[in-house]
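See below for the structure under consideration.
The values are calculated or read from the model by the stated rules, or taken from the named source; none is laboratory data. None of the values given here were measured: they were computed from a predicted structure. Cβ atoms come from the backbone with ideal geometry, glycine included; neighbour counts cover every protein chain shown. Only protein heavy atoms, including side chains, enter the accessible area calculation; ligands, DNA and RNA are left aside. Shrake-Rupley method; radii C 1.70, N 1.55, O 1.52, S 1.80 Å.
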Amino acid sequence: MSRVFSGIQPTGNLHLGNYLGAIRNWVTMQDAHECIYCVVDLHAITVAQDPATLRAGIRDMTAALLASGIDPARSILFPQSQVRVHAELAWVLMCTARMGWLNRMTQFKEKSGKDREGASVGLFTYPVLQAADILAYQATHVPVGDDQKQHLELARDIAQKFNTDMSVELFPLPEPVIQGPATRVMSLRDGNAKMSKSDPSDASRVNMTDDADTIAQKIKRARTDAEVLPSEVAGLAGRAEAANLVGIMAALTDSSVAAVLAQYGGQGFGAFKPALADAAVAVLAPITARFNDLRRDTTAIDVVLAQGAVRARAIAEPVLAAVHRAVGFSG
Ligand code: TYM
């Protein structure tokens, strides 16, 4: 049996990195698997959030996922805070996870920066809540971008240790699904930094809400080197910005890096960038149009989320009951 689980934070806009790295795979996996997708609002408050912005963000992220092709008739789509199992299981798993394991998490180091002492405890234990998200549904496959690899390894370690400590076979070890030519989309301003919702420069990312002109402008201004594109993949070594744009092109056109280079090798960015902008607009414009339409009907969005939560609870609550028995809270 296979079951897919994944999550996304409702902070900021859905961007091209989220879409090409993860959401596209969420959409295709619906064809062959039982899928559960979560708007992770509990994770969002590990850093300060304005309540009104968070409330709007949960709905907007839901509308963006629906616009991208998540189908609530087939998949479960719900907000994490409406299913209490996540927080409760996270507590139990915090007693399974070891300090040393969490101390190794690179995302905490990046996000807490120079102010480790001032970071919330939640930001430190964030990956344990992520493990609880996955394990509450006994999920077997987790489609994510490359940046979540370490958190997924931790989820596997936690699952394994819980099973061993309690002499049960309750949690399957979840497999990360990191696939496609754009598992790590980089900033348009810096080929060595991840494209991210939290980058202060809006020019660093293509948002799913950007119109065609904005997308074309951002791609035109994207940082590049002065060389022409190579004809072979090996020629991208040491050219982070070029590799990033070629990877994005491959993902947008359902192609491969080699095929894109076979077509554009020898050409400069003056020719490549307009083609890339066209490819981006072709994929994003219909999603943006659906998003702008869907987000207006907040009642319909709330219904999707409430119905999703009911279905999610029906799966997660029996798992939590089994956890209670395994640890000795109940007979
Ligand atoms: P989040 O909200 O940062 O990102 C959502 C998804 O988008 C992927 N992603 C990217 N992929 C490629 N290139 C990029 N530049 C890029 N930026 C983001 C992420 O890898 C992710 O798949 N902790 C998670 C959310 C989460 C979760 C979970 C995921 C909570 N619980 C359980 C899987 C399973 C996060 O903050 O993703």
Principal semi-axes in Å for region 3-67 [√(5λ), Cα gyration tensor, largest first]: 23, 12, 10
How would you classify region 247-292 from its alpha-carbon gyration tensor, with a ≥ b ≥ c the square roots of the eigenvalues: rounded for a/c under 1.5, else prolate if a/b is greater than b/c, otherwise oblate? oblate
What FRET efficiency comes out for the pair Q307/L102, r = Cβ-Cβ distance, R0 = 56 Å, nearest 0.05? 0.95
Give me the lysines in straight-line cross-link reach of K161: C-alpha distance below 23 Å, same-chain residues under 8 apart excluded. K149
Per the Kirkwood formula on distinct C-alpha pairs, the Rh of region 47-179 is how many angstrom? 16.3 Å
Given Cβ point charges of +1 (Lys, Arg) and -1 (Asp, Glu) and nothing else, what value in debye, to the nearest 20, does the dipole of region 1-65 about its Cα centre take? 20 debye
For the residue pair S231 and T28, what label-to-label distance in nm results when each label sits 7 Å from Cα along the Cα-to-beta-carbon direction? 2.9 nm
If you put +1 on each Lys and Arg Cβ and -1 on each Asp and Glu Cβ, how big is the dipole of region 208-331 around its Cα centre, in Debye rounded to 20? 360 debye
I'd like to check one number: the per residue accessible area of region 182-273, probe 1.4 Å, reported in Å² as a whole number. 47 Å²
Extreme residue, positive dipole direction of the chain, given options P318, V257, P181 (C-beta unit charges): P318
Stokes-Einstein D in µm²/s, Kirkwood radius over Cα pairs - region 186-297 at 25 °C with 0.890 mPa s viscosity: 169 µm²/s
Could you look at the chain and say what percent of its accessible area is carbon and sulfur, using a 1.4 Å probe and all protein chains? 52 percent
What angle do you read, to the nearest 10 degrees and between 0 and 90, between the alpha-carbon axis of helix 240-252 and the longest principal axis of the chain? 80 degrees
Which value, in Å², gives the accessible area per residue of region 1-114 when a 1.4 Å probe is used on the protein heavy atoms? 42 Å²
Sorting G113, L129, G238 by the position of each Cα along the dipole of the chain (Lys, Arg +1; Asp, Glu -1; all at Cβ), the one nearest the positive end of that ordering is G113
With the dipole of the chain worked out from charges on the C-beta (+1 for Lys and Arg, -1 for Asp and Glu) around the Cα centre, which of S167, I36, M195 lies farthest toward the positive end? S167
With the convex hull built on the Cα atoms of the chain, state its orientation-averaged projected area in nm². 17.6 nm²
What is the Å³ per residue value for the convex hull set by the Cα atoms of region 139-220? 120 Å³
Give the lysines reachable from K220 as a straight Cα distance under 22 Å; neighbours fewer than 8 places away on the same chain don't count. K194, K197, K273
Using a simple charge model, +1 on the beta-carbon of Lys and Arg, -1 on the beta-carbon of Asp and Glu, nothing else, what dipole does the chain show about its Cα centre, in debye to the nearest 20? 380 debye
